[in-house]
Amino acid sequence: MSNTHVEQQWQDSKITATPSKVLCVGRNYVDHIEELNNAIPEHMVVFNKPSTCVTSTLTSFHQEALHYEAEICFIVEQGQYVAVGLGLDLTKRELQTYLKGKGLPWERAKAFDGSAVLSRFVSLDGVDLSDLHLELFINCVRVQKGHVSQMLYPPQIILEELSSYTTLLDGDVVMTGTPKGVGEVHQGDLFLGRLKCGEQTLVEIEWVAK
């Protein structure tokens, strides 16, 4: 099958996420762990975002300045990944730092409305999960780049671990963590995200921060 035909199949199979919940993996890239001066976790770090977090609109402020974290994301059906896309895990970094310092949960810093900015998704048919990688540019400058080979917990291990303790409903989204290069969102910033498999671009998405 030609690359052109495969690309057309991906373009024809775009999917919009309507999850019951978003399951997020934290501290999954060593370079990002070091960037925030965190400890490498002994076990996979997981937190949830409710469905009200999901949006296609990038905002720069929600009670405080927001930080972006670009991530490879998957849609689950019948307990398996069926589609892949890009997402921004928006974070209230100042609040998160305070909550972490007090030993408290992160939800208020991670699970607010509009905190899961998602692209459209494409079918995983013919896609090699082991060769997925992302790039994020802000105002034409690349700020993040990450490959699944850099993950402490690759996508299939994440799915197995999540499934061991919670029911994944059809349409749920899994966000797999962010590489280094996170930072503050500024109003008017132009974000360009690319999800690739090898040299093939699966998803390209632009957001302008409001």
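The values are calculated or read from the model by the stated rules, or taken from the named source; none is laboratory data. Only a predicted model underlies this, so the values are computations on that prediction, with no experimental measurement involved. Every residue, glycine among them, receives a Cβ derived from its backbone with ideal geometry; neighbour counts consider all protein chains shown. The accessibility values were calculated without ligands, DNA or RNA, using every heavy atom of the protein model including side chains. Shrake-Rupley method; radii C 1.70, N 1.55, O 1.52, S 1.80 Å.
Among the conditions (1) in contact with a His (Cβ under 7 Å, 6 or more places away or on another chain); (2) open to solvent by 20 Å² or more (accessible area, probe 1.4 Å); (3) modelled with pLDDT of 95 or more, residue 180 misses just one, which is (3). Looking across the stretch 79-104, the residues that are touching a residue at least 12 places away in the same chain (Cβ under 8 Å) and touching a helix residue (DSSP H, G or I) at 6+ places or on another chain (Cβ under 9 Å) come down to 79, 80, 81, 84, 89, 90, 91, 92, 93, 94, 95, 96.
Of note, residue 114 satisfies the criterion of being touching a helix residue (DSSP H, G or I) at 6+ places or on another chain (Cβ under 7 Å), open to solvent by less than 20 Å² (accessible area, probe 1.4 Å) and farther than 20 Å from residue 200 by Cα. How many of the residues making up the stretch 22-44 are buried (at least 21 other Cβ atoms within 10 Å of the Cβ) and aliphatic (A, V, I, L, M)? So the answer is 3. When 61, 47 are checked against the criterion of being of a type outside the set (Gly, Ala, Ser) and either closer than 26 Å to residue 206 by Cβ or buried (at least 21 other Cβ atoms within 10 Å of the Cβ) (or both), 61 stands alone in meeting it.
Taking the criterion of being touching a helix residue (DSSP H, G or I) at 6+ places or on another chain (Cβ under 9 Å), of a type outside the set (Asp, Glu) and open to solvent by 20 Å² or more (accessible area, probe 1.4 Å), the residues of the stretch 128-137 that qualify are 129, 130, 133.
Considering 152, 99, 95, 104, the condition of being open to solvent by less than 20 Å² (accessible area, probe 1.4 Å) and within 22 Å of residue 49 (Cβ to Cβ) is satisfied by 99 alone.
Taking the stretch 47-74, which residues are in contact with a strand residue (DSSP E or B) (Cβ under 9 Å, 6 or more places away or on another chain) and without any contact (Cβ under 8 Å) to a residue 40 or more places away in the chain? Write out each step before concluding.
Quick first cut of the stretch 47-74, residues in contact with a strand residue (DSSP E or B) (Cβ under 9 Å, 6 or more places away or on another chain) only: 47-51, 53-60, 65-74.
Once the filter is applied, which keeps residues that are in contact with a strand residue (DSSP E or B) (Cβ under 9 Å, 6 or more places away or on another chain) and without any contact (Cβ under 8 Å) to a residue 40 or more places away in the chain, the stretch 47-74 yields only 51.
Scan the stretch 23-31 and give yes if some residue there is more than 13 Å from the chain's Cα centre (by Cα) and either assigned to a loop (DSSP other than H, G, I, E, B) or not basic (Lys, Arg) (or both), otherwise no. Among the residues of the stretch 23-31, at least one is more than 13 Å from the chain's Cα centre (by Cα) and either assigned to a loop (DSSP other than H, G, I, E, B) or not basic (Lys, Arg) (or both), which makes the answer yes. Scanning the stretch 64-86 for residues that are closer than 17 Å to residue 203 by Cβ and open to solvent by 30 Å² or more (accessible area, probe 1.4 Å) yields a count of 1.
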